[in-house]
Amino acid sequence: MANRMILNETSYFGAGAVSAVVDEAKKRAFSKILVVTDPDLLKFGVTDKVTKLLTEAGLPFDVFSNVKANPTVACVKDGVEVFKKAAADSIVAVGGGSAMDTAKAIGIIVNNPEFADVVSLEGVADTKNPCVPIIAVPTTAGTAAEVTINYVITDEEKKRKFVCVDPHDIPIVAVVDSDMMSTMPKGLTAATGMDALTHAIEGYTTLAAWELTDMLHLKAIEIIGRSLRKAVANDPEGREGMALGQYVAGMGFSNVGLGVVHGMAHPLGAFYDTPHGIANAVLLPYVMEYNAEYTGDKFKYIAEAMGVDTSGMDQQAYRKAAVDAVRQLSKDVGIPEKLREIGVKEEDLQALSESAFADVCTGGNPRPCTVESILEIYKKAF
Ligand SMILES: NC(=O)c1ccc[n+]([C@@H]2O[C@H](COP(=O)([O-])OP(=O)(O)OC[C@H]3O[C@@H](n4cnc5c(N)ncnc54)[C@H](O)[C@@H]3O)[C@@H](O)[C@H]2O)c1
Ligand SMILES: [Fe+2]
């Protein structure tokens, strides 16, 4: 079977890159833009860094900010109505995964109205048309939603987070500017950064991984491994590293999928509104232990990318070293070790396991999973 790679048409990197939004919007003759963002980003003046540029350039726009973290079906439906009322023809998404994912869902439904119920977009939906053109400006360094063909929406009624995979949703332009991320508090920097590390490790070991994506994921692990502690300390070099590292991971995992860390993290988001990065970070070392025997020599390269000298180590030793390096990084950036510390309830573990088993990401895990094996991992992590 052929391997497929889908990436942005154009992407920009580096502190100050955000000014490219104006050039791109003009070059692409956008006549009316809907800026999709969230209320906190408006409040902290992050969205302003983009809207100021649009105003100065005389580009007409409206703002839609009814996006909640772990965005819901209702947020998306609301956004579609606002897009239509604004008579917009394009979207500039300014935010983390939540704002960018909402923007993708809005853009898909506007051009594929038969999916207006939102929930029918779950999995690989057969949309006929590319979404409205999106310029994505990430403000967190984690999800890489600016370069992925996925978006994740929460069905509040059914208490489920569902993943949508659709090449039609990819933003045409990504503007990855570490200055947009500099206002992130420590905890958010750590959580989103550990999401990026999880993408890199799950993408590297997922069933569909191949040489080209291995190259991206290993590089991402290396960049994130050396940058995350510094980013949490708000060091500009660390911020730049994380902005790039999370994007490189996105180039990979978007094209090959993830594994059961994400499968198990999604129900935590749906049940308890757990921040996505925290859910992944707590689960990652436990799932690595579960997967180790099914990953050949890959944990050796993970350990090395994380800065461990593996010379003289046998397989068991380098596998343990990879998990230890991940645990240490997680600890250093202040992530709790156990699910019980982040509000997970023991009596929910069975229901969480059933939901995780049904998640789109779980099928990509290198070691096969059952509801029972997932429950065991949850218990260990509890
Ligand atoms: N599309 C994908 O491929 C993909 C991949 C992984 C995760 N996700 C999804 O993305 C969502 C999580 O996104 P996220 O982790 O980026 O967080 P988020 O977008 O949910 O944002 C979390 C909070 O951080 C605030 N924030 C964001 N940037 C900030 C900044 N620069 N300064 C201060 N505050 C800021 C937001 O206002 C919000 O309150 C989840 O729903 C997850 O499932 C999507
Ligand atoms: Fe993620």
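The values are calculated or read from the model by the stated rules, or taken from the named source; none is laboratory data. What you are looking at is a predicted structure, and each value in this text was computed from that prediction instead of being measured. Please note: Cβ atoms are built from the backbone with ideal geometry, for glycine as well, and neighbour counts cover all protein chains shown.
Here ALA103 clears all of (1) closer than 23 Å to GLY142 by Cα; (2) at pLDDT 95 or above; (3) in contact with a helix residue (DSSP H, G or I) (Cβ under 6 Å, 6 or more places away or on another chain) except the condition numbered (3). When GLY364, GLY307, GLY312 are checked against the criterion of being in contact with a Gly (Cβ under 7 Å, 6 or more places away or on another chain) and exposed (fewer than 15 other Cβ atoms within 10 Å of the Cβ), GLY307 stands alone in meeting it. Here is a list: GLY79, GLY95. Which entry is touching a residue at least 12 places away in the same chain (Cβ under 8 Å), within 16 Å of ligand 2 (Cβ to nearest atom), assigned by TED's automatic domain parsing to the domain that holds ILE172 and closer than 23 Å to ILE170 by Cβ? None of the others qualify; the one that does is GLY95. If I filter the range 205-216 for residues that are under 14 Å from the mean Cα position of the chain (by Cα) and within 16 Å of ligand 2 (Cβ to nearest atom), do I get at least one hit? No, every residue in the range 205-216 fails to be under 14 Å from the mean Cα position of the chain (by Cα) and within 16 Å of ligand 2 (Cβ to nearest atom). Counting only strands (runs of 3 or more DSSP E) wholly contained in the range 104-208, the ones carrying 2 or more residues that are within 15 Å of VAL36 (Cβ to Cβ) and not assigned by TED's automatic domain parsing to the domain that holds HIS262 occupy 134-138, 150-155, 173-176. Pairs are defined by a Cβ separation below 6 Å, a sequence spacing of at least 6 or placement on different chains, a first member in the range 329-352 that is at pLDDT 95 or above, and a second member that is surrounded by 14 or more Cβ atoms within 10 Å (Cβ to Cβ) and among the charged types (D, E, K, R); the pairs so defined are ASP332/ARG229. Note on the range 239-264: residues that are closer than 14 Å to ILE374 by Cα and more than 12 Å from the chain's Cα centre (by Cα) total 5.
For the range 71-99, taking the residues that are among the small types (Gly, Ala, Ser) and part of a loop (DSSP other than H, G, I, E, B), the one that is surrounded by the fewest Cβ atoms within 10 Å (Cβ to Cβ) is identified as ALA87. When we screen ALA87, ALA103, ALA116 for residues that are touching a residue at least 12 places away in the same chain (Cβ under 8 Å) and out of contact with any Lys or Arg (no Cβ under 8 Å at 6 or more places or on another chain), the only hit is ALA103.
Considering every residue within the range 114-132, establish whether at least one is over 24 Å from LYS26 (Cα atoms), near ligand 1 (Cβ under 10 Å from one of its atoms) and in contact with a helix residue (DSSP H, G or I) (Cβ under 7 Å, 6 or more places away or on another chain). No, the conditions are met nowhere in the range 114-132.
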